[in-house]
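Shown next, in structure tokens, is the structure this report addresses.
The values are calculated or read from the model by the stated rules, or taken from the named source; none is laboratory data. Not measured: the values here are computed from a predicted model. Here the Cβ positions follow ideal geometry from the backbone for every residue, glycine too, while neighbour counts run over all protein chains shown.
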Amino acid sequence: MKNRNITIIDVAREAQVSTATVSNVLNRKSNIPMAEETIRKVEEAAKNLGYRRNVLAASLSKKHSYELGLLLPGFAGYFGSFAEVMESAAHDRGYRLAVYSTESDPMIEKRHLESLLERRVDGLLCHGLAMSHDSTRAIVSDGTPLVLFNAWDWPEDIAIGAVNVDFRQACIYGVRHLREQGCEWVGYIGPSPTNATDIQRRGGFIEGTRLLRIEEQSGCFVIPAEFDYGTLIDQLVALHNGDRYPIGILAFDDAMAYRFLMKAMEKGYRIPGQFKVMGINNSYYAKFSYPGLTSVDIPYDLQANLALDWLLSPSAPPPPSKPSSPDIKEPYSIVGTTVNIYAPLIIRGSTGA
């Protein structure tokens, strides 16, 4: 029997007590005297049956808790910014938002899973790196609707759909931009270990070099967290005998791009004369670094609102997008149960704007 079908009637029958007694025990009504043996029997019956106490029972009687769950792999960078926008969007629709960070820790993931099942949220929004497929299935099987975001290659039966930023296409545009700026050679630098987001961005970079037929004038580098960017810069200069400038760099995110840019300037190289550098996420310091960092912008508002509206109206997927003018690309496209959001390139001084 699935967890959602277990009621206090089942628990009362198993423990051989009244439903009122079960309610008093599970709701921890300490002002009502109860024997320790009775409490033990009820708690044991609830555990054996897999009953989950609804902490929002009053709102459940109306078939809504008016609470949603947001699962993220962390709070830094994009994740924190997205959580802020999503919280505001949920509030505008009359919902509370419970935000959880799994930190890629299976034990934390398990604890959050149990909390979500107990709270019986009306719906769940989950980043593709926040939870395993198995854990997510456990929530879905409990009857909780789910919309994924920035989740690629997930089984189609797990979620209503996915709302993804099209990083692959953005990186294709990034390669083209670097070449248009005169880069003789272009490179991609990504994190170690890699993840699904990096695979999308790296894949877009590789596809961009293929489309421009410059595979032999490009390369990908995996950068461990504590790697010395000066070593990479020396390797790139040696690789090109110091005479094939400018060299274009597309980094996994703004943090990596910024570290590369700062180290190159520290070593005396001109930006954007000898190195042209761009990142992804259009973070705060991308706007105010010197020179300003060219970056792929993230349409947080559009992604949050599309995902939230779809979650609250599962039978009504996002409508086809319409560009605001003939010269502007469509804000998003829909393929099956996946929405792909266009991410524009913000050009600044680090690539010669």
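Residue count for region 173-227 satisfying the condition of being at pLDDT below 90, closer than 23 Å to V163 by Cβ and of a type in the set (A, V, I, L, M): 1. The strands (runs of 3 or more DSSP E) found entirely in region 221-296 that carry 1 or more residues being farther than 16 Å from C171 by Cα and either out of contact with any Ser or Thr (no Cβ under 9 Å at 6 or more places or on another chain) or not assigned by TED's automatic domain parsing to the domain that holds P191 (or both) are 247-251.
Results for (1) surrounded by 11 or more Cβ atoms within 10 Å (Cβ to Cβ); (2) modelled with pLDDT of 70 or more; (3) closer than 19 Å to E114 by Cα, shown as yes or no for each residue.
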| residue | (1), (2), (3) |
| --- | --- |
| R13 | yes, yes, no |
| T19 | yes, yes, no |
| N27 | yes, no, yes |
| N31 | no, no, no |
| E36 | no, yes, no |
| E44 | yes, yes, yes |
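Out of the helices (runs of 4 or more DSSP H) lying entirely within region 97-194, which hold 2 or more residues that are touching a residue at least 12 places away in the same chain (Cβ under 8 Å), outside the structural domain of R259 (by TED's automatic domain parsing) and over 30 Å from Y245 (Cβ atoms)?
Working: elements: 106-119, 133-141, 167-180.
Ranges flagged: 106-119, 133-141.
T136 fulfils the conditions (1) β-branched (V, I, T); (2) modelled with pLDDT under 80; (3) more than 21 Å from I223 (Cα to Cα); (4) surrounded by fewer than 20 Cβ atoms within 10 Å (Cβ to Cβ) except for a single criterion, (4).
The residue pairs whose first member lies in region 225-236 and is within 13 Å of S192 (Cβ to Cβ), whose second member is outside any loop (DSSP other than H, G, I, E, B), and whose beta carbons are closer than 8 Å, counting only pairs six or more residues apart or on different chains, are A225/P191; L232/I189; L232/F221; L232/I223; L232/F260.
Yes or no: S218 exposed (fewer than 15 other Cβ atoms within 10 Å of the Cβ) and touching a strand residue (DSSP E or B) at 6+ places or on another chain (Cβ under 9 Å)? Steps first, answer last, please.
Values: exposed (fewer than 15 other Cβ atoms within 10 Å of the Cβ): no; touching a strand residue (DSSP E or B) at 6+ places or on another chain (Cβ under 9 Å): yes.
Criteria not met by S218.
Looking at region 246-255, can you tell me whether even one residue there is touching a residue at least 40 places away in the same chain (Cβ under 8 Å), farther than 15 Å from I280 by Cβ and of a type outside the set (A, V, I, L, M)?
Going through region 246-255, the residues touching a residue at least 40 places away in the same chain (Cβ under 8 Å) turn out to be 246-255.
Then drop every residue that is not farther than 15 Å from I280 by Cβ, which leaves 246-247.
Those left that are additionally of a type outside the set (A, V, I, L, M): 246.
There is at least one residue in region 246-255 that is touching a residue at least 40 places away in the same chain (Cβ under 8 Å), farther than 15 Å from I280 by Cβ and of a type outside the set (A, V, I, L, M).
Take the conditions of a type in the set (A, V, I, L, M) and touching a Lys or Arg at 6+ places or on another chain (Cβ under 9 Å) and apply them to V186. Does it pass? When the stated conditions are applied, V186 passes them.
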